[in-house]
1. Across segment 98-111, in residue order, what do the Karplus-derived ³J(HN,Hα) couplings come to in whole Hz, using 6.51 cos²θ - 1.76 cosθ + 1.60 with θ = phi - 60° and x for Gly and Pro?
2. Below 24 Å, Cα to Cα, which lysines can residue 111 reach? Residues fewer than 8 away in the same chain don't count.
3. Between residue 10 and residues 5 or more places away or on another chain, which pairs have amide H atoms under 5 Å apart, with H built 1.01 Å from N, and which residues are they?
4. Cα extents of the chain along the three principal axes, largest first, in whole Å?
5. Carbon and sulfur: what percent of the chain's accessible surface (1.4 Å probe)?
6. Distance between Cα centroids, segment 32-82 to segment 85-115: provide it in whole Å.
7. Among the trypsin sites (Lys or Arg not before Pro) within segment 65-104, which fall in a DSSP loop and have no more than 16 other Cβ atoms within 10 Å of their own Cβ?
8. By how many nm would the segment from residue 29 to residue 1 lengthen if fully extended, with 0.36 nm per residue of separation less the alpha-carbon distance?
Amino acid sequence: QVQLVESGGGLVQPGGSLRLSCAASGRITSVGWFRQAVRKEREFVAAISWTTGRTIFADSAKGRFTISRDNTRNTVYLQMDLLKPEDTAVYYCAADVTPRDLFSPPSKDSKEYDYWGQGTQVTVSS
């Protein structure tokens with residue numbers, strides 16, 4: 001019903017930038033970006049409401065990352081600036097398809113995000 005494809009990952013030096021893309025198909029209400037480093041738990045990065053454009057950022061991303069959407073292309077972008085080695089991880093986009101009264105950070109288990117992409121690797125290293 002919903003398919004997501006991430007792209008834009010790669011190797012970048014500390015302080016550099018990358019722009020990730022998440023191309024989506026199907027009806028969605030919001031898109032979130034998550035990341036999972038090697039041998040670590042998945043963590044929330046940022047999210048955007050598909051309908052309103054409201055955004056939410058994890059503390060680790062505030063001031064450095066920007067999330068945006070392009071409705072005509074059904075694509076969500078994650079612009080990552082001032083990258084740090086600790087940003088190294090596989091980045092996933094995920095879609096929520098349920099209309100909700102409030103746009104809020106994801107639950108602990110992210111159950112509201114029903115569909116997930118395959119991920120794109122981001123490596124920040126000198």
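The values are calculated or read from the model by the stated rules, or taken from the named source; none is laboratory data. The shown structure was predicted, so the numbers you read here are calculated from the model rather than taken from an experiment. Here the Cβ is made from the backbone with ideal geometry for all residues, glycine too, and neighbour counts use every protein chain on show. Keep in mind that these areas ignore ligands, DNA and RNA; they rest on the heavy atoms of the full protein, side chains included. Shrake-Rupley method; radii C 1.70, N 1.55, O 1.52, S 1.80 Å.
1. Computed from phi, the couplings for segment 98-111 are 9, x, 10, 5, 10, 9, 9, x, x, 5, 4, 9, 6, 5 Hz.
2. 40, 62
3. The answer is 122, 123.
4. Largest to smallest, the principal-axis extents are 42, 30, 25 Å.
5. Values: 3310 of 7140 Å².
With neighbouring chains kept in place, the figure for the chain is 46 percent.
6. About 9 Å separates the Cα centre of segment 32-82 from the one of segment 85-115.
7. Working: sites: 69, 73, 100; in loops: 73, 100.
Qualifying residues, ordered by number: 73, 100.
8. On the way: separation 28, 0.36 × 28 = 10.08 nm, distance 1.36 nm.
Result for the pair: 8.7 nm of gain on full extension.
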